[in-house]
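The values are calculated or read from the model by the stated rules, or taken from the named source; none is laboratory data. Source: prediction; values computed, not measured. Cβ coordinates were reconstructed from backbone atoms using ideal geometry, including for glycine residues, and neighbour counts include every protein chain displayed. Protein only, heavy atoms only, side chains kept; ligands, DNA and RNA dropped before computing areas. Shrake-Rupley method; radii C 1.70, N 1.55, O 1.52, S 1.80 Å.
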Amino acid sequence: MSARDASARRSWIQSSTLGAAAVLGLALLVIVNYFGWKYFARFDWTPSRIYTLSEKSEQVLDSLDQEIEVVVFMTPADELYEPVRELLTRYEAASSRISVRTVDPDRNPAAAPSLVDEYQVSSLNVVVFDAGGDRRLVETADLADYDYSGMQFGQAPRMTGFKGEQAFTGAILELAESRKPAVRFTTGHGETPIDDFSERGMSQARELLGQDNFELSSWASLGQDRVPEGTDLVVIAGPRVPFVAPEAEILRDYLAAGGRLLLLIDPPLTRSGEIPPSGLEGLLEEYGVDLGANLVIDPANPLPFYGAETIFVDAFGDHPITRSLDQAQIPVILPVARSVGLSGSEGVEAVVLLETTDEGWGETSLADLGAVDLDDADLPGPVPLGVAVTGASRPEAAGEAGEAAEETLAGDDGGETETSEGGPEGEEPPAGEEPPAGEEPPAGEFRLVVFGDSDFATNGQLMNVGNAPLLANALNWLVERETLVGIPPKEPEQTQLTLSGSELRNLVLFVLVLLPGLAIASGVAIYLRRRR
């Protein structure tokens, strides 16, 4: 073989080797990118795990059977832009049925108006969830809690809680569900109104539960012969006068048939220091719940600027309603509470949800609250403040209770009885109170939750620490929507770097003078060395 042939052979081998290496390198790059696209992991290094989806949100995303497009109308200058964008990226990565699009009205002034018309939004600070024309809007004002206490000193509001996951998962669940759970709030006994915007009202609770896809309405129970069909949950919030026997029978009938009931029963003190009965004690005793005639005090957990009757609760039972609060170490505040204990009943499962410390007690001597002390007549701690009870429905008991209620309503003469709306017995409830046609009454397992306080759910107290998650968790558990139980607001990072004048000056010199000077000096030294 000639030298020319050998050289050509070597050249061919080298070219072939380089070509094969290039092909293998390209194939390796494609394989790595494919596996990186198909199998990847995201990490959240924030202390509060603000961008980590909860197990509940993942369950909602796993059960999605329709495409949902998310359109974010926000500018990057908004402080919520980055948390919203990052969190929605996690939703998009967790489900192939979620697609996210961001529209910056400042950079796309021509596209923004058409999209505003398309999605029928009235503000450019909103997140739209669209499922084939069915839309849910999440206002950016609903995505965070703020502390405004520093405004009087000229400070900007400080974000204390980011509620993006709760709002976004609620919007997705609302689009995925075929119907909203119907929740009836009883009226006629001085209950806290759900449309009252004062501190004593529950308008904020109504807004919060509306985000969780509940359909809330008021229901006057007095004079009715049954709970309206299609009712998923009955709520009794802060009654001031007792329920009468026929109403208790209606509720007994409802629970026995597999209904769901939430009781928020305050200790309504009188001038004589006595706590009048609620009219529901007999019903609760049947289900093993003991509603105490006392005022709970816990000096071991005092709150500044509050009286001894305000309970700061951080002791929770092991239950889906309180598990997330316990894990996140988020307490709740009950302004004025009575004890709610367990007396035991066959065929039911009962769990204490909240309780005081060992130093708390249930005060029974209420004539002089200015000087209270633990004595033999009081209920020693730890005092339970809320319970959850479940059990199998009892249709036979429901039938007996229903017959007793009808007999009581009919009267001794057996004549026709007027309902609270003025119609005869058997007439359908007023418009707006009946569910869609074809709905069946509840059946299966009954669920009952009782708290010894309703103030924690009012406008003046709902946003305190874990009060809002406690209320939302209770309702979601009662209607068997565990997917939304346990998504409390997350505390955002508040990372601040405070530098003195001299430290700031040294930092500027180091970054703008020393580092560039070292780079220039190194370059000059290398140039001179090569010239030699």
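Checking each residue in the stretch 373-388 for being out of contact with any helix residue (DSSP H, G or I) (no Cβ under 9 Å at 6 or more places or on another chain), assigned to a strand (DSSP E or B) and hydrophobic (A, V, I, L, M, F, W, C) picks out LEU379, LEU385, VAL387. No other residue among THR231, THR270 is more than 19 Å from VAL450 (Cβ to Cβ) and of a type outside the set (Phe, Trp, Tyr) apart from THR270. Looking only at the stretch 221-243, residues that are modelled with pLDDT of 95 or more and surrounded by fewer than 18 Cβ atoms within 10 Å (Cβ to Cβ) come to 0 in all. Would you call PRO304 of a type outside the set (Val, Ile, Thr) and under 18 Å from the mean Cα position of the chain (by Cα)? No. The sole residue among SER522, SER502 that is open to solvent by less than 80 Å² (accessible area, probe 1.4 Å), modelled with pLDDT of 90 or more and hydroxyl-bearing (Ser, Thr, Tyr) is SER522. The single condition among (1) assigned to a loop (DSSP other than H, G, I, E, B); (2) modelled with pLDDT under 85 that PHE35 does not satisfy is (1).
None of GLU199, GLU177, GLU191 is within 24 Å of TYR254 (Cβ to Cβ) and surrounded by fewer than 18 Cβ atoms within 10 Å (Cβ to Cβ) except GLU177. With respect to the conditions (1) open to solvent by 40 Å² or more (accessible area, probe 1.4 Å); (2) modelled with pLDDT of 85 or more, TRP361 lacks only one, and its number is (1).
Table: residues versus (1) closer than 26 Å to ARG323 by Cα; (2) crowded, with 20+ Cβ neighbours inside 10 Å.
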site: THR52; (1), (2): yes, no
site: SER57; (1), (2): yes, yes
site: ASP78; (1), (2): no, no
site: PRO83; (1), (2): yes, yes
site: TYR91; (1), (2): yes, yes
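Each residue in the stretch 169-183 was checked for being at pLDDT 85 or above and under 11 Å from the mean Cα position of the chain (by Cα), and 1 pass.
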